[in-house]
Amino acid sequence: MPRVEDPTLLRGLGRFADDLPTPANACHAAFLRSPIAHGEISTIDTAAAAAMPGVVAVITGADLLQYSAPFITGVKVDAPQYALAIDRVRYVGEPVAMVLARDRYLAEDALDAIVVDYQALPPVVDPVAAVDAPALHPGTDGNVLHDRYFRYGDPEDAFATAAHVVEGTYSYPRNSCTPMECFCVIADYDPGADAFEVMANFQGPYTLHTIMARSLKVPGNRMRLKTPPFSGGSYGVKQAVFPYVVALGVAARIAGRPVKWLEGRLEHLAAATSATNRVTTLRAALDVDGRVLALDYDQLEDCGAFLRAPEPATIYRMHGNMTGAYDIQDLAIRNRVVVTNKTPTGLMWGFGGPQIYFPLERLMDLAAKKLAIDPLELRRRNLVPTEAMPYTTASGALLDSGDYTRSLDRA
């Protein structure tokens, strides 16, 4: 399709969130963030900051409790997250307090006057260690917040009768994206209608609208959410703006006037979000000719400090295609999701795919080496044949078309 947006962008005429008019009576927000990965909040002294010239309000987690509810999650667990830390911090960069001031400079200055007394706790950053570590959320039985098994076909028989079995454990690291414009939120509250009007620069706002409205304790039709004409890049990372939408909504309600916040680049790099890191132990059963008969996945997903919506979407988005481009009929999967003292994760570009294909393709190389078969030839023997299209995978995905063998030959 022909592109129509380029002349506007190339001439510098795009209207991004920070280009839009700021309401004349708006105050500006800045966030005080945790310098430690894990600890109890003993006290927060905001008196000096609140007394500074130009400061409109200083808001802490205790203030937030009156006006907001914890975010709903895709998995029901007693591990609540609010827009500000309440009594404990669980990752470096977690928002602890918010200053509203006449301009951003004064708000930033006032952050330095807030005194927080932390009682540090041991941080847990390795997902394998997190499985048996003390619970990071007191309401849970441990750090594994989700554990499910899946079975398709007869993988047990395939492994019992296989000529060869290969196994590997692979650690997929965290990664993130850097948008051209960081998070931006402008929020206002109408006390007469008990309604919020918010501008935020995530191009998929309706995916999280319910979560934000419920956290602000209003029905969906009392939260009007707008996006700017140009988003300034997202790549999935900007879905993590939704806690700040709630924070700014509460701030506007407390201040009685609109509030604006533009995320700084260092804030974004430190505390926005990232893709999940995952430890996968993968086994493959093969016959004498190198045909893969079955796969057995044990996936340990690290979603960071909170199982924040829409997680655990990353581990399930590709569930239907765990066999990749290969014709494999028998499949076993175990999915576990743990929390650690890292930033909560989100939906980075192509989310869920790299975490699966990295271990799968590494294991194919390992199998080729063990069977002394050329790695490309081993793959050729296992690709879904062209004549099988449309093809339904063992776990239910529909591959509607494709000529994988020809693609491999051309490459």
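The values are calculated or read from the model by the stated rules, or taken from the named source; none is laboratory data. This structure is a prediction, so every number in the text was calculated from the model and none was measured. Here the Cβ is made from the backbone with ideal geometry for all residues, glycine too, and neighbour counts use every protein chain on show. The protein model used for the area step is the full one, side chains on, heavy atoms only, and it has no ligands, DNA or RNA in it. Shrake-Rupley method; radii C 1.70, N 1.55, O 1.52, S 1.80 Å.
Screening the candidates Asp6, Asp18 for the property of being open to solvent by 20 Å² or more (accessible area, probe 1.4 Å), touching a strand residue (DSSP E or B) at 6+ places or on another chain (Cβ under 7 Å) and more than 25 Å from Arg214 (Cβ to Cβ) yields one hit, Asp18.
Residues in the range 238-264 that are open to solvent by 10 Å² or more (accessible area, probe 1.4 Å) and aliphatic (A, V, I, L, M) were compared, and the one that is nearest to Cys182 (Cα to Cα) is Leu262.
For beta carbons closer than 8 Å, sequence separation of 6+ or different chains, a first residue in the range 12-36 that is assigned to a strand (DSSP E or B) and a second that is open to solvent by 60 Å² or more (accessible area, probe 1.4 Å) and β-branched (Val, Ile, Thr), the qualifying pairs are Arg33/Val92. Taking each residue of the range 69-92 that is more than 21 Å from Val144 (Cα to Cα) and part of a loop (DSSP other than H, G, I, E, B) and looking for partners that are open to solvent by less than 50 Å² (accessible area, probe 1.4 Å) and among the acidic types (Asp, Glu) with beta-carbon atoms closer than 6 Å, six or more apart or interchain, yields Ala85/Glu94. Please tell me if Arg380 is open to solvent by 10 Å² or more (accessible area, probe 1.4 Å) and either acidic (Asp, Glu) or more than 24 Å from the chain's Cα centre (by Cα) (or both). For Arg380, the condition - open to solvent by 10 Å² or more (accessible area, probe 1.4 Å) and either acidic (Asp, Glu) or more than 24 Å from the chain's Cα centre (by Cα) (or both) - is met.
Of all the residues in the range 341-377, those that are on the phi > 0 side of the Ramachandran plot, buried (at least 21 other Cβ atoms within 10 Å of the Cβ) and either of a type in the set (Lys, Arg) or more than 14 Å from the chain's Cα centre (by Cα) (or both) number 0.
Pairing residues of the range 336-356 that are free of Cβ contacts under 8 Å to residues at least 60 places away in the same chain and part of a loop (DSSP other than H, G, I, E, B) with residues that are buried (at least 22 other Cβ atoms within 10 Å of the Cβ) and polar (S, T, N, Q), at Cβ distances under 7 Å and at least 6 apart in sequence or on separate chains, gives Gly352/Thr314.
Picking from residues in the range 265-298 that are within 30 Å of Gly232 (Cα to Cα) and of a type in the set (Val, Ile, Thr), the one that is surrounded by the fewest Cβ atoms within 10 Å (Cβ to Cβ) is Thr273.
Figure legend. Inter-residue proximity from the range 283-306: first residues more than 21 Å from Tyr170 (Cα to Cα) and charged (D, E, K, R), second residues in a strand (DSSP E or B) and open to solvent by 10 Å² or more (accessible area, probe 1.4 Å), beta-carbon distance below 9 Å, spacing 6+ or different chains. Indicated pairs: Asp287/His164; Asp287/Leu293. Candidates Gln329, Gln239, Gln299: the one that is of a type outside the set (A, V, I, L, M) and at pLDDT below 95 is Gln239.
Scanning the range 177-228 for residues that are in a loop (DSSP other than H, G, I, E, B), over 19 Å from Leu262 (Cα atoms) and in contact with a strand residue (DSSP E or B) (Cβ under 7 Å, 6 or more places away or on another chain) returns Leu216, Val218.
With respect to Arg104, determine if the residue is touching a residue at least 60 places away in the same chain (Cβ under 8 Å), among the basic types (Lys, Arg) and surrounded by fewer than 21 Cβ atoms within 10 Å (Cβ to Cβ). Taking the combined requirement at face value, the residue satisfies it. Counting only residues that are small (Gly, Ala, Ser) and either under 20 Å from the mean Cα position of the chain (by Cα) or not in a strand (DSSP E or B) (or both), which one in the range 313-335 is surrounded by the fewest Cβ atoms within 10 Å (Cβ to Cβ)? Looking at the filtered set, the residue picked out is Gly320. For the range 45-65, the count of residues that are over 28 Å from Ala24 (Cβ atoms), open to solvent by less than 50 Å² (accessible area, probe 1.4 Å), assigned to a loop (DSSP other than H, G, I, E, B) and not polar (S, T, N, Q) is zero.
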